[in-house]
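Let me begin by presenting the structure, written as structure tokens, before commenting on it.
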Amino acid sequence: MRKELIGLDHLMISTPDLPAIRACYQRLGFSVTPWRTNEPMGGGRTGGRGGNHLVLFRPTDDRMTNFLEFAYADPAHAVPYMRDLLGRRPALAMIVHAATDLRALDAGWQAAGFPPCMYYELDTDYRDPEDGTVDRIHFRVLVPDAPRGPLAFNACEVMDRSHYLRPAWITHPNSAEYWAAATVVTDDPAAMRNHLAAIYGIDPAGQGPVSVTLGDQTLTAIDAAGFAAAWGDAARRADGSAAELAVEVRIASADTARAVLARNGVRFRDEGSRLVVPAAEAGGIVLVLAEAA
């Protein structure tokens, strides 16, 4: 494993409708941050509507963050790479790694055959548009500007985590604690295995599902047939198309989560300590709320 990599920090998930995805995840019992905007996604000074909402959790490692980012690129204003990355049905658009020594990590990735990333640092104040609170955002990130294989990826180093640890944002009515696993559909498991081996600097040998674990988070890639077999009817989006991503979120209490879902009229499959929310109810992805084993 590349020594600079700390963990699987957060998942960027494409969404076609930011207000709708916020309302959806609030209905599922999550606290969801206000809309935030940026120029690469076609917001901010571009005058477009690009931006994101975050579902923030308490990190399992004090060197990183842990959250789901639901992101939208305004087609008329976003930079081409972000427009292409986010301009599709809900899916895992990018896996963002927590890392140290980003320049060394990028050099290692280049040695593995990936094109270089842009190194970018943001140190700014953020004013909450809903309550006026001001806090600091300070991170460094490697930013790709072109596709680099079957799964988009980058890495960040958060210098000030206070923005991501607001008590009101990391406390959830459904008792969610952190995202623990993500399963993504791949058309070519062998190619994905080689891709992940190059990202992480690991041996690509093996058969079947491709899986990488860093700390308390696991990323798995399987083919569409395997995904459908694992999730059944839950793997259908509201429009009838097949979901391409499942995310497991660790919860403190299945009873608490069950009560929230039932109160809000959410359909789910009750497996005792695991509650499976179908893609049609979870913004186009399969959501699993699971107590620790």
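If a/c stays under 1.5 just call it rounded; otherwise compare a/b with b/c (prolate if a/b is bigger, oblate if not). Do that for region 99-213, with a ≥ b ≥ c from the square roots of the Cα gyration tensor eigenvalues. Oblate is the answer for region 99-213, as a/c is 1.5 or above yet b/c matches or exceeds a/b.
Just check region 176-291 against the gyration tensor rule for me: Cα atoms, a ≥ b ≥ c as the square roots of the eigenvalues, rounded for a/c under 1.5, and otherwise prolate or oblate depending on whether a/b exceeds b/c. In terms of gyration-tensor shape, oblate. Our note on the geometry: Cα centres of region 145-161 and region 239-293, 27 Å apart. What percent do you get for the relative contact order of region 176-291 when only Cα pairs under 8 Å and 6+ apart count? RCO, region 176-291: 29 percent. For region 5-170, the percent of C-alpha pairs falling in each 5 Å distance bin, counted from 0 to the bin holding the largest distance, reads 2, 9, 16, 22, 22, 18, 8, 3, 1, 0.
Please report the net charge: other residues with Cβ closer than 12 Å to the Cβ of Asp270, K and R +1, D and E -1. Mind showing how you got there, number by number?
Numbers: positive: Arg258, Arg267, Arg269, Arg274; negative: Asp255, Glu271.
Local net charge: +2.
When each of the peptides 70-76, 113-119 is scored by how many other beta carbons lie within 10 Å of its residues on average, the order from highest to lowest is 70-76, 113-119. Report the residue, chosen from Gly29, Gly201, Gly132, that carries the largest GNM mean-square fluctuation when the chain is represented by alpha-carbon nodes joined by springs under 10 Å. Result: Gly132 has the largest fluctuation of those listed. The relative contact order of region 5-170 comes to 25 percent, based on Cα pairs under 8 Å that sit 6 or more residues apart.
First select every other residue whose beta carbon is under 11 angstrom from the beta carbon of Val143; then total the charges, Lys and Arg +1, Asp and Glu -1.
Working: positive: Arg140; negative: Asp106, Glu121, Asp145.
Net charge in that neighbourhood comes out at -2.
When Lys and Arg each count +1 and Asp and Glu each count -1, what net charge do the other residues less than 13 Å away from Ala292, Cβ to Cβ, add up to? So the environment of Ala292 carries a net charge of -2. Give the shape of the chain as rounded, prolate or oblate, defined through the alpha-carbon gyration tensor: a ≥ b ≥ c are the square roots of its eigenvalues, a/c under 1.5 means rounded, and otherwise the shape is prolate if a/b is larger than b/c and oblate if not. Taking the square roots of the gyration eigenvalues as a ≥ b ≥ c, the chain is rounded. Shape analysis of region 1-56 based on the Cα gyration tensor places the equivalent ellipsoid semi-axes at 24, 19, 9 Å, largest first. Distance from a point 7 Å along Cα→Cβ of Leu165 to each backbone N in region 25-44: keep the residues under 13 Å and list them by number. No residues fall inside that zone. Mark the label point 7 Å from the Cα of Ala112 along Cα→Cβ and return the residues of region 222-247 whose backbone N is within less than 16 Å of it. Once the point is set 7 Å along Cα→Cβ of Ala112, nothing inside region 222-247 turns out to lie under 16 Å by backbone N.
Our note on the geometry: Cα centres of region 39-113 and region 174-222, 18 Å apart. Here the spin labels are modelled as points 7 Å beyond Cα on the Cα-Cβ line, and at Arg136 and Lys3 they lie 2.9 nm apart. Annotation note: GluC sites (Glu not before Pro) in region 48-152 located in DSSP loop regions with a Cβ neighbour count of at most 16 within 10 Å are Glu130.
All of the numbers you see were taken from the coordinates with simple rules; none came from a lab. Everything numeric in this text was worked out from a predicted model, so none of it was measured. Using ideal geometry, Cβ is built from the backbone for each residue, glycine included, and neighbour counts are taken over all protein chains shown.
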